[in-house]
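The values are calculated or read from the model by the stated rules, or taken from the named source; none is laboratory data. Not measured: the values here are computed from a predicted model. Counting neighbours? That spans all protein chains shown, and the Cβs are built from the backbone with ideal geometry, glycine included.
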Protein chains: 2
Amino acid sequence: MKAVIVAFDRFTDVDVFLPWDLLNRVRFRDKEFSVRIVGPSPKHRSVCGLELPMHGGVEECNHADIVYFSSGPGTRDLIKDEHFLKQLRLDPNNQIICSMCSGALILAALGILEGMSATTYPTAIEELRGFGVEVETTKHLVTHGNIGTAAGCLAAIDLMGWAIEKLYGQVVRQDVIASVLPVGQGQACIY
Amino acid sequence: MKAVIVAFDRFTDVDVFLPWDLLNRVRFRDKEFSVRIVGPSPKHRSVCGLELPMHGGVEECNHADIVYFSSGPGTRDLIKDEHFLKQLRLDPNNQIICSMCSGALILAALGILEGMSATTYPTAIEELRGFGVEVETTKHLVTHGNIGTAAGCLAAIDLMGWAIEKLYGQVVRQDVIASVLPVGQGQACIY
């Protein structure tokens, strides 16, 4: 099984690194699980200025079990980037496809949210509506089948939990999330 | 004002990157606020395998307003590393000094937790007791004056909130934390 995190220039730091850490914890239950950060260029710089080398190109999305689009101001360039969009041939019937905050704009640009509702960060609501998507502005997580959108950085916990449960079941989801909970709040060690 | 995040080989990814993102959000309120990731070597590799170039060396801790020690298996090497420990001349009277999970072991090795209670990740409780520290095993955040310890990755939200409030007051703390809350849970935009 394989999860791919899509990054790009000016990605929101926590929206790449929190899912990255959570997904890697699945490896305590399945050592063969692969987590990769990919993007349109060999390196991408975060909003806060970290330079992150990519593990590979966006074409890796096409064969991943989980495809996750992070967020950040850079999504606005990508939704106009025909070359980037054309590299993505995703299949919502066979892949779990999800996004954080303004990452939903990429899902919309790919036509994946057609006829669906979704959620996004307040600053991206109008742009997402511009794609004809019904935005559920008060929900931090909206899922339809294999497609999930979440909003507000810490909603990544529920989004990744949802994606992990779809792939590995409820027990692995609980183990992974419990390992990051604050001590005294159901926190449990998986390593 | 300046915050320094201490990283090292085999750091827990989220324990560096979540505080990094939260502290950088203070910059929406104070553009002069500086956030730096430092470590004993020019680059450090996370537990999950990300290679992260440092912004500077650990001596930057000695003049920072907030000094934060991240966590991970690598803390066990650092607490035996006399060269590393000797570089740190911290002043709890004039600096906010804090740690996540096993980062508390470094505070203990520096003598900063002498006569104090603290919290840490379950896997580090016995080692922390070995330094004579009273471990509050069910608390996710323990603070004494300018010294704070937190445990369970997501406790970083309360730990950073505590540190930001000490430096910038309650309103900036609320603004920063609200900007990462899941939509519908008091989430607010600060940019």
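General remarks:
- Some residue of the range B:72-88 being touching a strand residue (DSSP E or B) at 6+ places or on another chain (Cβ under 7 Å), under 19 Å from B:Ala150 (Cβ atoms), surrounded by 19 or more Cβ atoms within 10 Å (Cβ to Cβ) and among the aliphatic types (A, V, I, L, M): no
- Scope the range B:102-127; condition assigned to a helix (DSSP H, G or I), within 9 Å of B:Thr149 (Cβ to Cβ) and either in contact with a Gly (Cβ under 7 Å, 6 or more places away or on another chain) or hydrophobic (A, V, I, L, M, F, W, C) (or both); matching residues: B:Ala104, B:Leu107
- From the list B:Gly132, B:Gly148, B:Gly161, the one residue that fits, being more than 17 Å from A:Ile157 (Cα to Cα), touching a residue at least 12 places away in the same chain (Cβ under 8 Å), part of a loop (DSSP other than H, G, I, E, B) and out of contact with any Pro (no Cβ under 8 Å at 6 or more places or on another chain), is B:Gly132.
Yes/no matrix, rows are residues, columns are (1) crowded, with 22+ Cβ neighbours inside 10 Å; (2) farther than 19 Å from B:Ser179 by Cβ:
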position: A:Cys101; (1), (2): yes, no
position: A:Ile106; (1), (2): yes, yes
position: A:Gly111; (1), (2): no, yes
position: A:Glu114; (1), (2): no, yes
position: A:Tyr121; (1), (2): yes, no
position: A:Gly132; (1), (2): no, yes
position: A:Gly148; (1), (2): yes, yes
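- Single match in A:Thr123, A:Thr119, A:Thr149, A:Thr138 (criterion: in contact with a His (Cβ under 7 Å, 6 or more places away or on another chain), among the polar types (S, T, N, Q) and either under 21 Å from A:Leu18 (Cα atoms) or at the interface with chain B (Cβ under 9 Å from one of its Cβ atoms) (or both)): A:Thr119
- When the residues of the range B:1-16 are filtered to those that are within 11 Å of chain A (Cβ to nearest Cβ) and touching an Asp or Glu at 6+ places or on another chain (Cβ under 6 Å), the one that is surrounded by the most Cβ atoms within 10 Å (Cβ to Cβ) is B:Val14.
- In the condition set (1) modelled with pLDDT of 95 or more; (2) polar (S, T, N, Q); (3) part of a loop (DSSP other than H, G, I, E, B), A:Thr143 is compliant with all but (3).
- Search result, residues across the range B:20-49 that are under 16 Å from the mean Cα position of the chain (by Cα) and away from every other protein chain (no Cβ under 12 Å): B:Val38, B:Gly39, B:Pro40
- Qualifying strands (runs of 3 or more DSSP E) (wholly inside the range B:12-90; at least 2 residues being over 22 Å from A:His44 (Cβ atoms)): B:34-38, B:66-69
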